[in-house]
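Report on one structure; see the data block that follows.
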Amino acid sequence: MPCLQHGIYLMIFKYDIFMNDISRKDILPENENFPLTYDGLKENKVFLKIQREAGNPNYKYKGNCTKKFAEAIADKYLDREYEWVKSHPLPSVNEKEPSRSVYENEISTLVNHQRNWKTKSPIIKYFHKSFLDAAKKKHASPNTGWKILQNDKEIFRKFYLNRLRCSDWFNEHKKNEPFDIHWKYLLEGKVPPFIYAIGLTTSGKYMNVGLFKPHAARYLVDKYLKDFNEVFDPFSGFSGRLLGTIALGKKYIGRDLSKRVIEESKELMDFAKPIFEKNGIIPQYDLANADATKNTGTYECLLTCPPYGNTEIWDGVPESNISCDDWIETCLKNYKCKRYVFVVDGSIVKYKNFVKETFTNTCHWGKNDEYIVVINESDKI
């Protein structure tokens, strides 16, 4: 293969400049044979760019390197990476685990400020480990996916190749850092643990279930349930509505069919209680295991996000095909409240006229809408 002009390499300081300055068009696919070196990776990236620009259908994917280059890396380092994966549990998606101060600041901010309802919650993921055992319909959970990788070297190899070629991290750099600071990891076949975790949960096979954001709960309670002192939730889940309700100084009464989820919520509150108190809130909450189809009671108001049919499967909870409309009817029948607020998906039909607003969620796989249904006791059908 003809050598790239030496002057090009000397002028490179930033990745985008490097890629845009390349003008060679005569690197042919049959000459794709690059050494696993720094300069070899440079040439491979140029080669890949030229093939894409030339419309070569075998090089459509805009990855970190060509498939052949990644396979050469995998052949050299597969055993080392596979042994690490087999001997470790599913890692965190965080490059660096949040410190205690991050969780403290999250609670303090929730009490004192209403942020965008989409604001993520690190503290929920930290305390609710069962989150990784829940699964989307027709998908395995992230923890199950990790076990599959641990038990099948060939499946892991395909995943490993995906991470080498697809992870943007290998080209990321902070201000004042060289654009190729992570290239040595790629050349040595070293995939950081959090890159494995991100790849697993965005692969389309082992997707995370949704998490109800505390700031979304705070927003809904403040807008629709401001006049009530206590909020009942028959599907308390991963503590998002628990935190958002308590942040406004109201009592939260939570029930859930999963004993594990309830215990995780109690552990979270053991941690969060003194932080709430430091911010002037004396937490009032009542958490217990209960089945919403059998439980009954009288409460001031209700806020919940019922299971969406069997679109999400929870650890230790039987699958259910109950629709959103049916869950609403169950709650209206079993619980006497002055006002009911439900967050449901687009399958709602009977109670569509009670929709007050829409939340649009965006993720790696696109968008989906959730609808806020508000029903007063006098509105019961």
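The values are calculated or read from the model by the stated rules, or taken from the named source; none is laboratory data. This structure is a prediction, so every number in the text was calculated from the model and none was measured. Here the Cβ is made from the backbone with ideal geometry for all residues, glycine too, and neighbour counts use every protein chain on show.
Could you say which residue among Ala247, Ala197, Ala272, Ala217 is in contact (Cβ under 8 Å) with a residue 12 or more places away in the chain and either outside the structural domain of Ile328 (by TED's automatic domain parsing) or in contact with a Phe, Trp or Tyr (Cβ under 7 Å, 6 or more places away or on another chain) (or both)?
Working: Ala247 fails: either outside the structural domain of Ile328 (by TED's automatic domain parsing) or in contact with a Phe, Trp or Tyr (Cβ under 7 Å, 6 or more places away or on another chain) (or both); Ala272 fails: either outside the structural domain of Ile328 (by TED's automatic domain parsing) or in contact with a Phe, Trp or Tyr (Cβ under 7 Å, 6 or more places away or on another chain) (or both); Ala217 fails: either outside the structural domain of Ile328 (by TED's automatic domain parsing) or in contact with a Phe, Trp or Tyr (Cβ under 7 Å, 6 or more places away or on another chain) (or both).
Only one candidate qualifies: Ala197.
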Practice prompt. Please work out if Gly189 is closer than 28 Å to Lys138 by Cα and either buried (at least 18 other Cβ atoms within 10 Å of the Cβ) or at pLDDT below 95 (or both).
Written response: no
Fill in: Where Glu264 falls short, out of the listed (1) within 19 Å of the chain's Cα centre (by Cα); (2) not assigned by TED's automatic domain parsing to the domain that holds Lys338
(2)
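Matching residues to (1) small (Gly, Ala, Ser); (2) within 15 Å of the chain's Cα centre (by Cα); (3) assigned to a helix (DSSP H, G or I); (4) surrounded by fewer than 20 Cβ atoms within 10 Å (Cβ to Cβ):
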{"position": "Trp84", "(1), (2), (3), (4)": "no, no, yes, yes"}
{"position": "Asn94", "(1), (2), (3), (4)": "no, yes, no, yes"}
{"position": "Ser101", "(1), (2), (3), (4)": "yes, no, yes, yes"}
{"position": "Asn116", "(1), (2), (3), (4)": "no, no, no, yes"}
{"position": "Ile123", "(1), (2), (3), (4)": "no, yes, yes, no"}
{"position": "Lys138", "(1), (2), (3), (4)": "no, no, no, yes"}
{"position": "Lys147", "(1), (2), (3), (4)": "no, no, yes, yes"}
{"position": "Arg163", "(1), (2), (3), (4)": "no, no, yes, no"}
{"position": "Pro178", "(1), (2), (3), (4)": "no, no, no, yes"}
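Among strands (runs of 3 or more DSSP E) lying entirely in region 321-381, which contain 2 or more residues that are assigned by TED's automatic domain parsing to the domain that holds Ala216, crowded, with 17+ Cβ neighbours inside 10 Å and of a type in the set (Phe, Trp, Tyr)? Spell out how you get there, then give the answer.
Working: elements: 339-344, 355-363, 366-376.
Counting at least 2 such residues, we get 339-344.
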Practice prompt. Considering only region 69-82, state which residues are surrounded by 13 or more Cβ atoms within 10 Å (Cβ to Cβ) and either under 30 Å from Gly280 (Cβ atoms) or of a type in the set (Lys, Arg) (or both).
Written response: Lys76
Practice prompt. Would you check if there is a residue in region 258-265 being in contact with a strand residue (DSSP E or B) (Cβ under 9 Å, 6 or more places away or on another chain), in a loop (DSSP other than H, G, I, E, B) and farther than 18 Å from Pro122 by Cα?
Written response: yes
Discussion item. Filter region 149-161 down to the residues that are out of contact with any helix residue (DSSP H, G or I) (no Cβ under 7 Å at 6 or more places or on another chain) and either assigned to a helix (DSSP H, G or I) or surrounded by 14 or more Cβ atoms within 10 Å (Cβ to Cβ) (or both) and list them by number.
Written reply: Asn151, Glu154, Lys158
Worksheet item: Where residues in region 181-238 are aliphatic (A, V, I, L, M) and in a loop (DSSP other than H, G, I, E, B), which of them is nearest to Asn361 (Cα to Cα)?
Response: Leu211
Discussion item. Surrounded by fewer than 24 Cβ atoms within 10 Å (Cβ to Cβ), touching a helix residue (DSSP H, G or I) at 6+ places or on another chain (Cβ under 6 Å) and under 29 Å from Trp169 (Cα atoms): which single residue out of Gly240, Gly204, Gly199, Gly210 fits that description?
Written reply: Gly199
